[in-house]
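**Q** My structure is below; once you've seen it, I'll send some questions.
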Amino acid sequence: MTTNTLDEAYAERAASTRRPRGTSPGPGSPLSRAVTALALVAVGAVTVAVVTQVRDRQQADSGLRGQLAAAALERTAQSVELDRRAEALRAELPGLRDAALSVDAAGTALAQRLTALGLASATTPVVGPGIVLTLDDAPPTDDLPTGDPGVVLDDGRVRDTDLQDAVNALWAAGAEAVSINGQRLTALTAKRSAGSAVLVDLLPLSPPYVVQAVGQPAALELGLLDGEVGRRLMTYTELYGLRLDVRREQDLQLAGAADPDLRSATPVDATAR
């Protein structure tokens, strides 16, 4: 008993758990806990620094975005004000011109010719009866396959070709002057699309699109709705939900378009080649 005072099982357990000299401390030792705490503090400091940098960058981007948005709104307001002033001055020009040219017969004849040219080039404001055609996108729907609510499908949007067809139908029905959302159309007016926007002479327009046409109201309405274009637009309203409205007006006022930038060509001398 005095020779072997420790049970063999206890001796084996003590030998297996005894840490040799020079080995690292176990996970429960004070040194291990200190190392773990320092590592966590370092990771936390790095995380805080990264989050702070990201937040500062987002705030800087938001500030820059806000400045750009404010500048864009300011420039847009200035452009609208300049357009309003230009339209007012353009409306005063015919009266001043006629008054200056009506001093003699030659001036009166010239004023009449300029008036006719202004009507042909759509630079002269016009007043008269006609019709108003309103085209609008389909209302947003919540019943979509993607489950994304408040979205207008592409088939439910008014396209530039729809406006082109409607305007061409009005011209064919005898329209004397046409405008879209207040923009007077001329022989040089271009109507095209840029993404989901419709451009008229590079000016983006948003729905609803209001087409005003001066002419005989009955003839314009019949020529539009009873023709191929009108039937196609009515089909779009039934299939895709486009909104279409046509009404007659007795006192439409269409502003004149800006003076066109005319260019002339000269023939090339064949002998100079």
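The values are calculated or read from the model by the stated rules, or taken from the named source; none is laboratory data. On a predicted model such as this, the values are computed, not experimentally measured, just so you know. Counting neighbours? That spans all protein chains shown, and the Cβs are built from the backbone with ideal geometry, glycine included. The protein model used for the area step is the full one, side chains on, heavy atoms only, and it has no ligands, DNA or RNA in it. Shrake-Rupley method; radii C 1.70, N 1.55, O 1.52, S 1.80 Å.
**Q** Put Leu38, Leu93 in order of accessible area, largest first, 1.4 Å probe: what do you get?
**A** Output order, biggest surface exposure first: Leu38, Leu93.
**Q** Under a 1.4 angstrom probe, counting protein chains only, how are Asp137, Asp104 ranked by accessible area, largest first?
**A** Largest to smallest exposure gives the sequence Asp104, Asp137.
**Q** Here's a follow-up. Label points 7 Å out from Cα along the Cβ direction at Trp171 and Ala120: separation in nm?
**A** Taking the simple label geometry, Trp171 and Ala120 are separated by 1.6 nm.
**Q** On a full-extension model of 0.36 nm per residue, what is the gain between Glu92 and Gln253, subtracting their alpha-carbon distance, rounded to one decimal in nm?
**A** Answer, rounded to one decimal: 56.5 nm.
**Q** With r as the distance between the Cβ atoms of Gln67 and Ala45 and R0 = 35 Å, compute the FRET efficiency 1/(1 + (r/R0)^6) and round to 0.05.
**A** Efficiency, from the Cβ-Cβ distance: 0.60.
**Q** Give the distance, in whole Å, between the Cα centre of region 155-170 and the Cα centre of region 102-131.
**A** Each part's Cα centre sits 30 Å from the other's.
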